[in-house]
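One structure below.
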Amino acid sequence: MIASVRGPVRHVGLDHLIVEVGGVGLLVHTTPATAAEGGVGEEITLETALVVREESLTLYGFAGADAKALFEQVQTVSGVGPRLALAMLSVHTPDALRTALARGDLAALTKIPGIGKKSAERLVLELKDKILAVGVDPADLSVTPAGAAGAEDAVVSQVRAALEGLGWNTRQADAALDTVTAAPDAPTDVAAVLRAALRELGR
């Protein structure tokens, strides 16, 4: 199992990085916020989880062990695979996601693409006690989305595609982008726009 990777970043995507390790470029799927932390040529260290399927090996990367642990924990719930688990961490920070689960905050959970009311209820039912068992006090946590959004046409189109890839429809993506790009201090680069759009969608 590949538990972590460290090396120079060779490519930064909206939801992935290519990290060179021992002369080999590893494609690491990650949240937009984590991808935005990587700069081409800069060295990065990621905690990783390797998902093995009959037809593929997929590597998921995280800024810290906390996010990786939560990524693996939510997958113990029936119907939650790695893509949905990553979407959860794309919308909410680890603390925010734990807060939503501990409080039974269905509104926060259903903001995640792919999670409806029944799925949210199942997540709370199966994970709430486990979250509280490790000493998490939901009163000490706040639900803070992990995201970003919009500026010029090329940037907006890239961010829209990324949001749709995460599960939002075009109308939802455009509404978030309109709000972000209308702000006086609107960001102009893809990573910042994406973070702002995700933040808007997590409200």
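What to note about this one:
- Count of residues meeting criterion [without any contact (Cβ under 8 Å) to a residue 12 or more places away in the chain, within 21 Å of Leu166 (Cα to Cα) and of a type in the set (Gly, Ala, Ser)] in segment 1-23: 0
- Only one of the listed residues (Leu26, Leu57, Leu46, Leu84) is closer than 22 Å to Leu166 by Cα, buried (at least 21 other Cβ atoms within 10 Å of the Cβ) and either under 13 Å from the mean Cα position of the chain (by Cα) or not assigned by TED's automatic domain parsing to the domain that holds Val190 (or both). That residue is Leu46.
- Residue check, Thr170 modelled with pLDDT under 80, surrounded by fewer than 14 Cβ atoms within 10 Å (Cβ to Cβ) and of a type outside the set (D, E, K, R): no
- Every condition in (1) of a type outside the set (Ser, Thr, Tyr); (2) in contact with a Phe, Trp or Tyr (Cβ under 6 Å, 6 or more places away or on another chain); (3) assigned to a loop (DSSP other than H, G, I, E, B) is met by Gly79 except one, and the failing one is (2).
- Some residue of segment 132-148 being at pLDDT below 85, of a type in the set (Ser, Thr, Tyr) and either assigned to a strand (DSSP E or B) or out of contact with any His (no Cβ under 8 Å at 6 or more places or on another chain) (or both): yes
The values are calculated or read from the model by the stated rules, or taken from the named source; none is laboratory data. Note that the coordinates shown come from a computational prediction; the quantities given were computed from them, not determined experimentally. Every residue, glycine as well, gets a Cβ built from its backbone with ideal geometry; the counts of neighbours run over all protein chains shown.
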